[in-house]
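Undergrad: Encoded as C-alpha cells, here's the structure I'll be asking about.
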Amino acid sequence: MRRDVIIGFMVSILIHGGTLYGDKLINFKVNRGKGAAMKAGVAATDADILVFLDADLIGLRPEHVEDLVAPVKSRRYEMAVGSFRGGRYLTDLAQRVTPNISGQRAIRRGTFEQIPGLEHSRYGVEIAITRFCRLFRVKTQIVLISGVTHPMKEQKLGYMRGLLSRGKMYTQIIKILLDPRKPKRVRPRLSAKSLPHLLRKLVSTERKPQRNNTAAMWLYRTERKWHKRREDFKVNVKRKRRLP
C-alpha cells in the first residue's frame, strides 16, 4: 500500500500484491482542493488499482481496504464505493441518503484517467466521478464498511468554522450537479511504452481473417526486432563493463 498525503487529504493507492513501502508527502503552495490532490496522488504512482480513503477515518482496518479492492481486483467491476454501516448514526444516515459522495473508493487507473476536470472539481470530485461512471455505464459495486466512521466537520473545526466548511463543501457539490454539460472521455495519449501494446492489438484484429502480410504485422515484427537488438546491445554493454 502506498499513501500520498496532500494538503489535508490522504490518497491511498493499493498496488496488486504490494506491501507498505513508505509514505510520500506532496505539498502544494496553494490549496487547490480535493480533486487536484487526488490527481496529484495518481500522477505520483503507476498503480493499476487506485484506492482513495479519507485521512480521518475511525475504526478502519486492513480487511476493510481488502473488501473495498476485491470487486475491482476481480475485474468484475471497474469501481467500488465504500458505504459506512454501524459506525455512527449520523454518518451512517448520510451514507444511506447520499452514497455517491463517499470518499472511500477503489477504481481502475484506466477509468479514473478518462474522467475530465477532476483537478478543478474540489469537493465535488466524488460527484464528478459518479456522473461520469453513470453516463458511460462503468460497472460499480457498493461495499459496506462496518464499524467505520469519521468525525464531523463541526468537531474538527469548531461549530462555526465547521458549519462554514460544510456549506462550502455542499456548494461545490451542487455546482457539479447543476452543470448541464455532459462529461467527455479524456483519451489517453500515445506514448513509446504504449506503442507495442497498440501494435499487438492491431495484429490480433487482423489475424482473424487470416491476413498475415499486412502493414500492422510488418510494423509489429519490425518493432520486436528493434526491441531485441536494443536488449542485446544492453547485455553487451554490461559484459564489456565487467571485463578487466
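The values are calculated or read from the model by the stated rules, or taken from the named source; none is laboratory data. Given the structure is predicted, the values throughout are model-derived calculations rather than measurements. Note that each Cβ is placed from the backbone with ideal geometry, even for glycine, and that neighbours are counted across all protein chains shown. Just so you know, the surface numbers come from the protein's heavy atoms only, side chains and all, with ligands and any DNA or RNA stripped out. Shrake-Rupley method; radii C 1.70, N 1.55, O 1.52, S 1.80 Å.
Undergrad: Provide the solvent-accessible area of Phe136, counting protein heavy atoms only and rolling a 1.4 Å probe, rounded to the nearest 10 Å².
TA: Surface accessible to solvent at Phe136 totals approximately 60 Å².
Undergrad: If amide H atoms are built 1.01 Å from N in the plane of the peptide, which residues on other chains or at least 5 residues away come under 5 Å of the amide H of Gln141?
TA: For Gln141, the qualifying residues are Met79, Ala80, Val81.
Undergrad: So what is Rg over Rh here for segment 85-185, counting just Cα atoms and using Kirkwood for Rh?
TA: Using only Cα positions, Rg/Rh for segment 85-185 is 0.99.
Undergrad: Evaluate the distance, in nm, between pseudo-label points positioned 7 Å from the Cα of Glu223 and of Lys175 along their respective Cα→Cβ axes.
TA: Placing both labels 7 Å beyond Cα along the Cβ direction yields 4.1 nm.
Undergrad: Segment 98-142 to segment 72-96: how many Å between their Cα centroids?
TA: Segment 98-142 and segment 72-96 have Cα centres spaced 14 Å from each other.
Undergrad: Show me, for segment 173-180, the HN-Hα J-couplings you get by feeding each phi into the Karplus relation (A = 6.51, B = -1.76, C = 1.60, θ = phi - 60°), rounded to Hz, glycine and proline as x.
TA: Taking θ as phi minus 60°, the curve returns 5, 5, 4, 5, 5, 8, 5, x Hz for segment 173-180.
Undergrad: With every protein chain kept in the model, how would you rank Glu223, Glu154, Glu66 by accessible area, 1.4 Å probe, largest at the top?
TA: Glu66, Glu154, Glu223
Undergrad: Estimate the FRET efficiency between Arg134 and Arg230 by the formula 1/(1 + (r/R0)^6), using the beta-carbon distance for r and 41 Å for R0, to the nearest 0.05.
TA: 0.40
Undergrad: With every protein chain in place, what's the accessible area of Tyr123 (1.4 Å probe, Å², nearest 10)?
TA: Solvent-accessible area, nearest 10 Å²: 60 Å².
Undergrad: Shifting gears a bit: On a 1.4 Å probe surface of the protein chains, which of Arg221, Arg122, Arg229 comes out largest in accessible area, and what is the full order?
TA: Arg229, Arg221, Arg122
Undergrad: In sequence order, what are the phi-derived ³J(HN,Hα) couplings for segment 25-32 according to the Karplus relation 6.51 cos²θ - 1.76 cosθ + 1.60 with θ = phi - 60°, rounded to whole Hz, with x for glycine and proline?
TA: 9, 10, 10, 9, 5, 10, 5, 9
Undergrad: Please work out how much length the chain gains when fully extended from Ala55 to Asn31, using 0.36 nm per residue of separation minus the C-alpha to C-alpha distance, in nm with one decimal.
TA: 7.0 nm
Undergrad: While we're on this one: Stretch Thr98-Ile142 to full length: gain in nm at 0.36 nm per residue minus the Cα-Cα span?
TA: Net length gain for the segment: 14.6 nm.
Undergrad: Rounded to the nearest 0.05, what FRET efficiency is calculated for Ala43 and Arg185 with R0 set to 25 Å and r the Cβ-Cβ distance?
TA: 0.85
Undergrad: What FRET efficiency comes out for the pair His120/Leu243, r = Cβ-Cβ distance, R0 = 51 Å, nearest 0.05?
TA: Calculated transfer efficiency: 0.35.
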